[in-house]
Amino acid sequence: MQFGYSDLCLAHDPGERHPESADRLRAIKRGLQKRHGVSYHDADRADASAVKAVHESAYVEEVQEFCASGGGSWDPDTIAVEKTWEAALQSAGLAQWAAMEALDGADGRQTPFSIGRPPGHHAVEDDAMGFCFFNNAAVAAQAAIDDTGIDRVAIFDWDVHHGNGTQDIFYDRDDVFYASIHEDGLYPGTGDRDEIGTGDGERTTLNAPLAAGAGDADFLYVIDEAIAPALEAFEPELVIISAGFDAHQHDPISRMRVSTEGYALMTARMQSLQASLDMPLAFVLEGGYGLDTLSEGVSIVHETFDGREPMPCEDDPTDKTKAIVSELRTALDL
């Protein structure tokens, strides 16, 4: 794979004990040192205008002023320093790079993966939250629509937390499909099964809130039986994976049971969909707070695109997961 990366993203420093630290990117790069076929690419920072295409102008300007004044606690979890402004624009710019590379034909071993920070999927139109200031995946999706003339983008979010910001930004639109698999009841408490979009965006949102303890078989079942047919019906011209790795069984802030091999299997499923639906595919980093498991997760995605065959999952999904998928298929007419 080719990875979008910039040292500027290390300058965002929410504090020594904060889980969303620059050590996350350092751990990813250490893990990738051992892998074949890795290349890194810098990218231009996103223009403020690109960020304002999905966020309210007054909010973007408020973030800029907040950082210029030295930053501080935006809320108890979301901390900024002076350099956060530039890092957040850089993170959004790397996501844009990934989307544009995919649309330019980069696939297979050249599939793009943006490893910027701060992450983005909790950032709503007019507020920062959950470690996120600008919604990187949303900025990339909107830029792809505005700058390349494509009509439909899908965002698949496999972070353990629901991407409330991404959902909210596109909830009433029919040109962006948002799908999320997340832990039920975990922060931020959104992403219920009945949240399927509104107005023109009705049936362009799919939420699978799985019970704590769900593992590889459950995630794969949702992909195979709900997300795959939904994408087939939507016919996206670009798919962005909001790739968080905090559903890993050893991540410190979730109760899910996805294994490292599970991320390889999910990646392989998306590879198959990419081939069958002829859809460009780009990855954008979200969460993942165990440094070893985050590094392993990103590395296994890379290895899968480099030709490694994942080990099959021999477990079965739970009855709870099957019931959720049945309800989703009915709600979305799949």
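Details
- Reported count of residues in the range 63-101, each being acidic (Asp, Glu), without any contact (Cβ under 8 Å) to a residue 40 or more places away in the chain and in a helix (DSSP H, G or I), is 1.
- Qualifying positions in the range 234-266 - among the hydroxyl-bearing types (Ser, Thr, Tyr) and either within 17 Å of the chain's Cα centre (by Cα) or not in a loop (DSSP other than H, G, I, E, B) (or both): 242, 254, 260, 263
- For the range 187-197, the candidate set comprises residues that are of a type outside the set (A, V, I, L, M, F, W, C) and in contact with a Ser or Thr (Cβ under 9 Å, 6 or more places away or on another chain); within that set, the residue that is nearest to residue 77 (Cα to Cα) is 191.
- Condition met for residue 170 (of a type outside the set (D, E, K, R), at pLDDT 95 or above and more than 24 Å from residue 319 (Cα to Cα)): yes
- Qualifying positions in the range 30-62 - part of a loop (DSSP other than H, G, I, E, B) and more than 21 Å from residue 12 (Cα to Cα): 33, 34, 35, 36, 37, 38, 53, 54, 56
- Taken over the range 316-333, the criterion of being loosely packed, with under 15 Cβ neighbours inside 10 Å and in a loop (DSSP other than H, G, I, E, B) is satisfied by 316, 333.
- Meets criteria (crowded, with 24+ Cβ neighbours inside 10 Å and over 21 Å from residue 176 (Cβ atoms)) for residue 96: no
- The range 241-260: number of residues that are out of contact with any strand residue (DSSP E or B) (no Cβ under 8 Å at 6 or more places or on another chain) and buried (at least 24 other Cβ atoms within 10 Å of the Cβ): 2
- So residue 177, is it out of contact with any helix residue (DSSP H, G or I) (no Cβ under 6 Å at 6 or more places or on another chain) and not in a loop (DSSP other than H, G, I, E, B): no
- Once the range 213-240 is narrowed to residues that are among the aromatic types (Phe, Trp, Tyr) and closer than 14 Å to residue 266 by Cα, the residue that is surrounded by the fewest Cβ atoms within 10 Å (Cβ to Cβ) is 221.
- Matching residues in the range 23-58 - criterion: being under 30 Å from residue 252 (Cα atoms) and crowded, with 17+ Cβ neighbours inside 10 Å: 24, 25, 27, 28, 31, 32, 38
- When the range 267-294 is filtered for residues that are under 22 Å from residue 132 (Cβ atoms), assigned to a helix (DSSP H, G or I) and either free of Cβ contacts under 8 Å to residues at least 40 places away in the same chain or under 16 Å from the mean Cα position of the chain (by Cα) (or both), only 294 remains.
- Hey, residue 262 touching a helix residue (DSSP H, G or I) at 6+ places or on another chain (Cβ under 8 Å) and modelled with pLDDT of 95 or more or not: yes
The values are calculated or read from the model by the stated rules, or taken from the named source; none is laboratory data. Quick caveat, the model's predicted, so the values are computed rather than measured. No Cβ is skipped: glycine too gets one built from the backbone with ideal geometry, and neighbour counts run over all protein chains shown.
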